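This report concerns only the one structure given below.
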Amino acid sequence: MAIRRLNHAVLYVRDVERSVVFYTEVLDFRVVKRGRAAAFLQAAESANDHDLGLFEIGVQAGPSAAGRDTVGLYHLAWSVRTLTDLAEYADRLRAVGALVGASDHTTTKALYAKDPDGLEFEVSWLVPLDKVTDQMRASAGTSPLDIDAEIARWGADSVGAI
């Protein structure tokens with residue numbers, strides 16, 4: 001018995017339409033099913049029935065206290081195919097004021113952002129497994145991400161690990 005991967009995530013949001021616009025226009029998800037107060041979205045390269053469910057609970061909902069006053073989920077992470085894709089998402093997230101950080105975790109190059117409800121997520125590119133060395137694993141840490149330097153090192157179109 002073994003879990004293979006995350007199939008989908010479901011988020012409670014204040015305004016489902018606002019969240020649909022964000023996830024489709026900024027992150028390229030597509031709507032696969034809509035209801036009055038719910039939407040099911042699929043990532044651009046996914047074969048899942050859906051990858052993200054959004055359930056509206058209303059504008060009166062307070063912000064998540066997870067990580068501050070309560071336990072809860074910190075963030076979801078989605079992978080992109082290339083560093084070019086990662087750079088494009090950095091530009092998109094920055095343009096809408098959603099980008100809150102960018103980190104180099106040695107084998108993972110990560111952007112951190114918040115959706116319209118302040119829920120944090122990550123968009124990342126993973127170094128191809130055949131390029132990861134024991135030294136990289138041993139020295140894994142966190143430093144500021146320089147996407148241009150990573151493109152120069154790994155190539156703009158190098159396909160990251162899955």
Checklist entry - So which residues in the range 64-81 are within 24 Å of Pro128 (Cβ to Cβ), outside any strand (DSSP E or B) and touching a strand residue (DSSP E or B) at 6+ places or on another chain (Cβ under 7 Å), if there are any at all? => result His75, Val80
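Considering each of Arg68, Arg92 in turn, give the residue that is among the basic types (Lys, Arg) and touching a residue at least 12 places away in the same chain (Cβ under 8 Å). Before the answer, list the steps.
Numbers: Arg68 fails: touching a residue at least 12 places away in the same chain (Cβ under 8 Å).
Only one candidate qualifies: Arg92.
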Item to check | Output for the range 150-162, where each listed residue is in a helix (DSSP H, G or I), of a type outside the set (A, V, I, L, M, F, W, C) and touching a residue at least 40 places away in the same chain (Cβ under 8 Å) | outcome: Glu150
Item to check | Selection within the range 1-56 - touching a Ser or Thr at 6+ places or on another chain (Cβ under 9 Å) and of a type in the set (D, E, K, R) | outcome: Arg30, Glu56
Item to check | Matching residues, the range 133-162, being surrounded by 11 or more Cβ atoms within 10 Å (Cβ to Cβ), in contact with a Leu (Cβ under 9 Å, 6 or more places away or on another chain) and closer than 28 Å to Leu73 by Cβ | outcome: Leu145, Ile147, Glu150, Gly160, Ala161
Next on the checklist: Cβ-Cβ under 8 Å, sequence separation 6+ or interchain: first residue in the range 123-149 and assigned to a helix (DSSP H, G or I), partner of a type in the set (Phe, Trp, Tyr). Which pairs?
Outcome noted: Lys131/Trp154
Checklist entry - For the range 97-107, does any single residue satisfy the condition of being hydroxyl-bearing (Ser, Thr, Tyr), closer than 28 Å to Asp157 by Cβ and in contact with a Pro (Cβ under 9 Å, 6 or more places away or on another chain)? => result yes
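I'd like the residue in the range 86-120 that is charged (D, E, K, R) and in contact with a Phe, Trp or Tyr (Cβ under 7 Å, 6 or more places away or on another chain) and, out of all such residues, is nearest to Leu54 (Cα to Cα).
Here is the first cut: in the range 86-120, the residues charged (D, E, K, R) are 88, 91-92, 94, 104, 109, 114-115, 117, 120.
Okay, now just the ones that are also in contact with a Phe, Trp or Tyr (Cβ under 7 Å, 6 or more places away or on another chain), so 109, 115, 120.
Values: Lys109: 27, Asp115: 12, Glu120: 14 Å.
Filtering the range 86-120 for residues that are charged (D, E, K, R) and in contact with a Phe, Trp or Tyr (Cβ under 7 Å, 6 or more places away or on another chain), the one nearest to Leu54 (Cα to Cα) comes out as Asp115.
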Checklist entry - Given the structure, is Thr82 modelled with pLDDT of 95 or more, under 17 Å from Ala43 (Cβ atoms) and outside the structural domain of Phe22 (by TED's automatic domain parsing)? => result yes
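Would you please name the residue that is surrounded by the fewest Cβ atoms within 10 Å (Cβ to Cβ), looking only at residues in the range 111-122 that are in a strand (DSSP E or B) and either in contact with a Leu (Cβ under 7 Å, 6 or more places away or on another chain) or among the polar types (S, T, N, Q) (or both)?
Here is the first cut: in the range 111-122, the ones in a strand (DSSP E or B) are 111-114, 120-122.
Filter again for either in contact with a Leu (Cβ under 7 Å, 6 or more places away or on another chain) or among the polar types (S, T, N, Q) (or both), leaving 111, 113, 121-122.
Values: Leu111: 27, Ala113: 25, Phe121: 21, Glu122: 17.
Once the filter is applied, the top-ranked residue is Glu122.
The values are calculated or read from the model by the stated rules, or taken from the named source; none is laboratory data. Everything numeric in this text was worked out from a predicted model, so none of it was measured. Virtual Cβ from ideal backbone geometry, glycine too; neighbours counted across all protein chains shown.
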